[in-house]
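Notes for the one structure printed next.
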Amino acid sequence: MLFKIGFALILLGVAALWIDRRAAHFIYDHVNARAHKFLDGITHYAKAGHWLAAAVLALVGTALARHFGARGADLELVITYSLAFIASLTLGSVVLHAIKLVLGRRRPRDDMEMGLYGFMPLAFNLEYNSFPSGHALTICCVAVIFTCVWPTLWPIWFAVAAILAVTRALLTAHFLSDVLIGAGIGLIAAREVLVLGFPSYAPGWF
């Protein structure tokens with residue numbers, strides 16, 4: 001199911017390319033300073049570095065716990081899901097950054113502030129890094145892992161992921177298509193890592 005949802009998000013993202021510019025200008029004109037400050041305050045919860053650091057700390061913590069004699073199923077779960085998240089983020093990021101580098105897209109703010117808009121294919125310029133959204137990819141990977149750990153709370157994890165991903169468009173840090181495609185890649189990457197690499201830890205409906 002996650003593969004189908006992820007693929008559907010990617011298709012929606014491709015379709016959103018037709019309205020991206022108009023939507024970004026509308027958002028830029030209608031999100032006031034107070035809302036912008038609030039959105040800017042929560043959007044960083046989707047940043048890859050924070051979650052990657054948390055996963056590494058979890059692995060280090062469990063290693064130390066084992067060293068001092070701790071045992072139990074919970075330790076195994078922490079290790080497994082931390083590794084699964086790191087692998088998901090790595091796989092998704094490789095795909096995402098390859099797309100960023102090859103297609104090269106200016107961010108919405110470049111259009112608003114300098115009148116510079118569009119893709120720069122094969123420019124291989126790291127500044128053209130709007131497409132797709134890394135934040136959206138990251139928080140979708142987090143939602144998938146959290147769903148494995150606390151499956152009954154899956155609506156909360158995906159709702160939070162959706163909200164944090166959308167903040168990227170509302171802040172005009174990304175176009176809507178950037179967010180949709182980034183989220184789709186994140187869902188597919190996390191799903192494939194779990195189903196293929198950690199099958200006994202992946203829910204059957206994945």
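The values are calculated or read from the model by the stated rules, or taken from the named source; none is laboratory data. Bear in mind the structure is a predicted one, so any value in this text is a computation, not a measurement. Methodologically, a virtual Cβ is constructed for each residue, glycine included, from the backbone with ideal geometry; neighbour enumeration extends over all protein chains shown. These area figures cover heavy atoms from the full protein model, side chains too; ligands, DNA and RNA do not enter into them. Shrake-Rupley method; radii C 1.70, N 1.55, O 1.52, S 1.80 Å.
Helix 73-103 and the longest principal axis of the C-alpha atoms of the chain enclose an angle of approximately 20°. Taking amide H as placed 1.01 Å from N in the peptide plane, the amide H of ASN129 sits under 5 Å from that of ARG105, ARG107, each at least 5 places away or on another chain.
Average accessible surface for the stretch 1-93: 66 Å² per residue, computed with a 1.4 Å probe over protein heavy atoms with every protein chain in place.
Using the Cβ-Cβ distance between TYR117 and ALA53 with R0 = 30 Å, the FRET efficiency computed as 1/(1 + (r/R0)^6) comes to roughly 0.30. Simple point charges give the picture: +1 on the Cβ of Lys and Arg, -1 on the Cβ of Asp and Glu, and for the chain a dipole about the Cα centre of about 60 debye. Okay, helix-only estimate at 222 nm for the chain: each DSSP H run of n ≥ 4 adds -39500 (n - 2.57), divide by all residues, round to 500 deg cm²/dmol; what do you get? Helix contribution divided over all residues of the chain: -23500 deg cm²/dmol. The angle between the Cα long axis of helix 176-192 and the longest principal axis of the Cα atoms of the chain comes to about 20 degrees, rounded to the nearest 10.
In this structure MET112 has an accessible area near 40 Å², from a 1.4 Å probe over the protein heavy atoms.
What distance in nm lies between label points placed 7 Å from Cα along the C-beta direction at TYR201 and ALA73? That separation, rounded to one decimal, is 1.5 nm. Extending 7 Å from the Cα toward the beta-carbon at both LEU11 and ILE42 defines two label points whose distance is 3.0 nm. Per atom type, the stretch 88-134 shows carbon and sulfur on 65% of its accessible surface, probed at 1.4 Å. Values (i) 15.6, 43; (ii) 18.1, 61; (iii) 16.3, 49 are given for comparison; Rg and Dmax of the Cα atoms in Å, derived from the coordinates here, is the one labelled (ii).
Can you work out the FRET efficiency for the pair PHE26 and HIS97, with r the C-beta to C-beta distance and R0 = 41 Å, to the nearest 0.05?
So, using R0 = 41 Å, E works out to roughly 0.90.
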